Amino acid sequence: MSNQARRKIARRLIPFLFLLYITAFIDRVNVSFAGLDMTRELHFSNEVFGFGAGIFFFGYCLLEIPGAMLAQSWSARKWIAAIMIVWGVLAGITGLIQTAAQFNAIRFLLGLAEGGFFPAVIVYLTHWFRQADRAKAIAMFMAAIPVSNAVGAPIAGLLLHLHWLGISGWRWLLILEGIPAFLCGIVTLFYLTDWPKDARWLSEGERAWISGELEREAREKAARRGHMSLLQAFRQPVVLALALSYFLINTTGYGINIWLPKMIQKLPGLTTMQVSLVAAIPSLCAIPAMLLVGWHSDRTGERKWHAALAAILAGVGLGLSQWVAGMPLLVVACFAIAVIGVMSYYPTFWALPTRFLDDSTAAASFGFINLIANFGGFAGPYMVGFLTDRTGTYVAGVMLLVSTAILSGLVLMLLRER
């Protein structure tokens, strides 16, 4: 019964959530490919582009905690659907911008629209997967990040060559890639089920088994730790440490995501299409690594060291990319090591908060951690652009990303599980 229920749940939910996150992440980072031509056409400096790309996360952070709590107390299905419909419309409007002020405004609104999506999905997964299965489930869901980059890069390369109706390709890229989010939001309303007890696609015995397992885990955690208020949770050193670690790795991760196409553009002799294809290589390498780390973490039950060592690997890979500068194949290989490290950090990290907190408080902690962490989504892209304008090369910006990745791993190493 247990194996059958687990397989049914995974087959039903993970592929669809995976598709939603691919859509989300393509809409989040397609600006990195649009920037190959946008900055030249609109005369944006690196600092202006980095600020506009990163300001997304100021809007994004505003709905982190409310989004997680709504998913826990109201309906994850309805909340995710509403988020996707609104951000699909805004993503398309991004292709119409003319000035830096418009770019900043629409990126902020897009972040605001998308803000509750990720914590809502993480909370949703806790409604369906036991603690023992959670890292693997999160790994399969978050594998959408490297997949979206791998799939989105060649698509972006093709769309950049469109010039319909006298409109530039980078505009068509942003306009057309907003449509899937809108359509997926409508489908979400009819496809997802909020709770196992409502799942008609499970047998009565399977519904009873998974509901009983999740209730048992909740009782055991409550008995061990008692119930903490939200304010108490946010003041817990472990929650603050998790938020700091995730902020640091996000600084590195989004710095790579936003600037990787433009850094690869500096390699000699590449066309725009070739830049897009080469930018997909690190993400393709990260997909199996991310799934393997999540599987191994579930098998061993160890979370902290998996995530910490992955973060340090990301820093090592980025550092080596500067050491072998001038050798394009080795540079791309080092970027791949860095992306493998960043991506492998995520699934094991998100299995950590539920080890320390009861379910209702953990839901808010997901939002709080993601809120703090996603300021790294602004810091990484902006600081790389700022330092590049000041120094004339990407070296200083990349070394900043090296330091934040290594510090992220060190912060986790200092944690002690109770």
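Expressed as cubic angstrom per residue, what is the convex hull volume of the alpha carbon set of region 31-173?
114 Å³
Could you list HIS161, HIS306, HIS296 so that the one with the fewest beta carbons within 10 Å of its beta carbon is first and the one with the most is last?
Ranking HIS161, HIS306, HIS296 by Cβ neighbours within 10 Å, fewest first, gives HIS161, HIS296, HIS306.
Short version: ³J(HN,Hα) in whole Hz for each residue of region 89-100, in order, from phi by Karplus 6.51 cos²θ - 1.76 cosθ + 1.60 (θ = phi - 60°), x for Gly and Pro, what are they?
With the stated coefficients, region 89-100 comes to 5, 5, 4, x, 5, 4, x, 9, 5, 10, 10, 4 Hz.
Any chance you could give the angle, 0 to 90 degrees and rounded to 10, that helix 204-225 forms with the longest Cα principal axis of the chain?
The two axes meet at around 90 degrees.
Would you calculate the volume per residue, in Å³, of the smallest convex hull containing every Cα atom of region 28-105?
Spelled out: Cα convex hull of region 28-105, divided by residues, is 84 Å³.
Using only the alpha-carbon atoms, how far is helix 237-265 inclined from the longest principal axis of the chain? Give it as 0 to 90 degrees, nearest 10.
Between the helix axis and the principal axis of the chain, the angle is about 30 degrees.
Could you tell me the convex hull volume per residue, in Å³, taken over the Cα atoms of region 128-197?
Spread over its residues, the Cα hull of region 128-197 gives 92 Å³ apiece.
Among all the lysines, which ones have a C-alpha under 22 Å from LYS136's C-alpha, if same-chain residues fewer than 8 places away are not counted?
LYS8, LYS221, LYS304
Going by how many other beta carbons lie within 10 Å of each one, how would you line up ILE249, ILE287, ILE256, fewest first?
In increasing order of surrounding Cβ atoms, one gets ILE287, ILE256, ILE249.
Under a crude label model (7 Å from the Cα following the beta-carbon direction), how far is ARG390 from HIS43 in nanometres?
2.6 nm
Note the angle between two axes, namely the Cα long axis of helix 359-373 and the longest principal axis of the Cα atoms of the chain, as a number of degrees from 0 to 90, rounded to the nearest 10.
That helix lies at roughly 10 degrees to the long axis.
Could the peptides 122-133, 175-186 be put in order, highest first, of the mean number of other beta-carbon atoms found within 10 Å of their residues?
Per-residue Cβ counts within 10 Å, averaged per peptide and sorted highest first, yield 122-133, 175-186.
Please turn the phi angles of region 307-320 into ³J(HN,Hα) values with the Karplus equation 6.51 cos²θ - 1.76 cosθ + 1.60 (θ = phi - 60°), one per residue in order, whole Hz, x for glycine and proline.
Per-residue couplings from phi come out as 5, 5, 5, 5, 5, 5, 4, 4, x, 4, x, 5, x, 5 Hz.
With springs only between Cα atoms under 10 Å, which of SER245, SER148, SER73 fluctuates most in a Gaussian network model of the chain?
Maximum among the listed residues: SER73.
Quick one: the Cα spread of the chain along its three principal axes, in angstroms, biggest first?
Principal extents (largest minus smallest coordinate, Cα): 60, 46, 37 Å.
We did not get these values from a lab; they are worked out from the coordinates using the rules stated. Source: prediction; values computed, not measured. When we count neighbours, we look across all protein chains shown, and the Cβ atoms used for this are built from the backbone with ideal geometry, even at glycine.
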